[in-house]
Amino acid sequence: DAKTTQPDSMESTEGETVHLPCSHATISGNEYIYWYRQVPLQGPEYVTHGLQQNTTNSMAFLAIASDRKSSTLILPHVSLRDAAVYHCILRAIASSSFSKLVFGQGTSLSVVP
Amino acid sequence: GGIITQTPKFLIGQEGQKLTLKCQQNFNHDTMYWYRQDSGKGLRLIYYSITENDLQKGDLSEGYDASREKKSSFSLTVTSAQKNEMAVFLCASRDRGHSDYTFGSGTRLLVI
């Protein structure tokens, strides 16, 4: 079962900054927080990940609560191309190459002009 | 850059039929995965492989077989298709020590 909780859907307007919340109250100390997004007829695409510190890249900013029980993916100035299902996932840090992702339903983000 | 290719993109099968899905990656990644995605649900792991000729069962392996004869390819077989089954099968790969996964575009299965 997925260990994260996300709203089913959110709507935004082009140009806005969107905050996508994720709750992971039972996160373990050895688990990363990953975000993927998926558009219709495509596989999930990596967005970002973090362990404890906030992270930023060209796609998004990931804010992680100090107790790590929640995180927020922040998408600045969204465009129509950002409309997708956003998945928040926990992954255990593994010494071997095997590592399993457990996906939930995700948040379906719609963007209107 | 590399690419991960799944074939076929669409697959229509008949009840009881054995169906094979293929996945090819040229990243030289060690680990490959097969996930199933049902409408409105998250992905569930069927099989994974950490190297050539290695196979490990995931959470949903019953009714499926897998094969990793080469490092670059990972195939999945539905041993007996179930009537009215409709799902997307996603292949992914990941390099040892690298953080993120690369997914293929998926194979959409419909059983009539």
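The values are calculated or read from the model by the stated rules, or taken from the named source; none is laboratory data. Nothing here was measured: the structure is a model prediction, and the numbers come from that model. Here the Cβ is made from the backbone with ideal geometry for all residues, glycine too, and neighbour counts use every protein chain on show.
All conditions but one from (1) under 13 Å from the mean Cα position of the chain (by Cα); (2) part of a strand (DSSP E or B) apply to A:Pro7; the one that does not is (2).
Each residue in the stretch B:39-53 was checked for being in contact with a Phe, Trp or Tyr (Cβ under 9 Å, 6 or more places away or on another chain) and over 28 Å from A:Cys88 (Cβ atoms), and 0 pass.
The set of residues from the stretch B:13-33 being part of a strand (DSSP E or B), under 21 Å from B:Asn84 (Cβ atoms) and modelled with pLDDT of 95 or more comprises B:Leu19, B:Thr20, B:Leu21.
If you scan the stretch B:8-25, which residues turn out to be within 27 Å of A:Val85 (Cα to Cα) and either over 15 Å from the mean Cα position of the chain (by Cα) or surrounded by 14 or more Cβ atoms within 10 Å (Cβ to Cβ) (or both)? Across the stretch B:8-25, the qualifying residues are B:Leu11, B:Ile12, B:Leu21, B:Lys22, B:Cys23, B:Gln24, B:Gln25. Taking the criterion of being within 8 Å of chain A (Cβ to nearest Cβ) and surrounded by fewer than 19 Cβ atoms within 10 Å (Cβ to Cβ), the residues of the stretch B:56-94 that qualify are B:Gln56, B:Gly58. Tell me which residues, restricted to the stretch A:11-53, are of a type in the set (A, V, I, L, M), closer than 27 Å to B:Tyr33 by Cβ and surrounded by 17 or more Cβ atoms within 10 Å (Cβ to Cβ). Within the stretch A:11-53, A:Leu20, A:Ile27, A:Ile33, A:Val47 qualify.
Of all residues in the stretch B:28-35, one or more are more than 11 Å from chain A (Cβ to nearest Cβ) and either surrounded by fewer than 16 Cβ atoms within 10 Å (Cβ to Cβ) or over 26 Å from A:Val85 (Cα atoms) (or both).
The set of residues in the stretch B:36-54 that are at the interface with chain A (Cβ under 7 Å from one of its Cβ atoms), within 17 Å of B:Gly106 (Cα to Cα) and surrounded by 14 or more Cβ atoms within 10 Å (Cβ to Cβ) comprises B:Lys41, B:Gly42, B:Leu43, B:Leu45, B:Tyr48.
The single residue among B:Leu55, B:Leu76 that is out of contact with any His (no Cβ under 7 Å at 6 or more places or on another chain), free of Cβ contacts under 8 Å to residues at least 24 places away in the same chain and of a type in the set (A, V, I, L, M) turns out to be B:Leu55.
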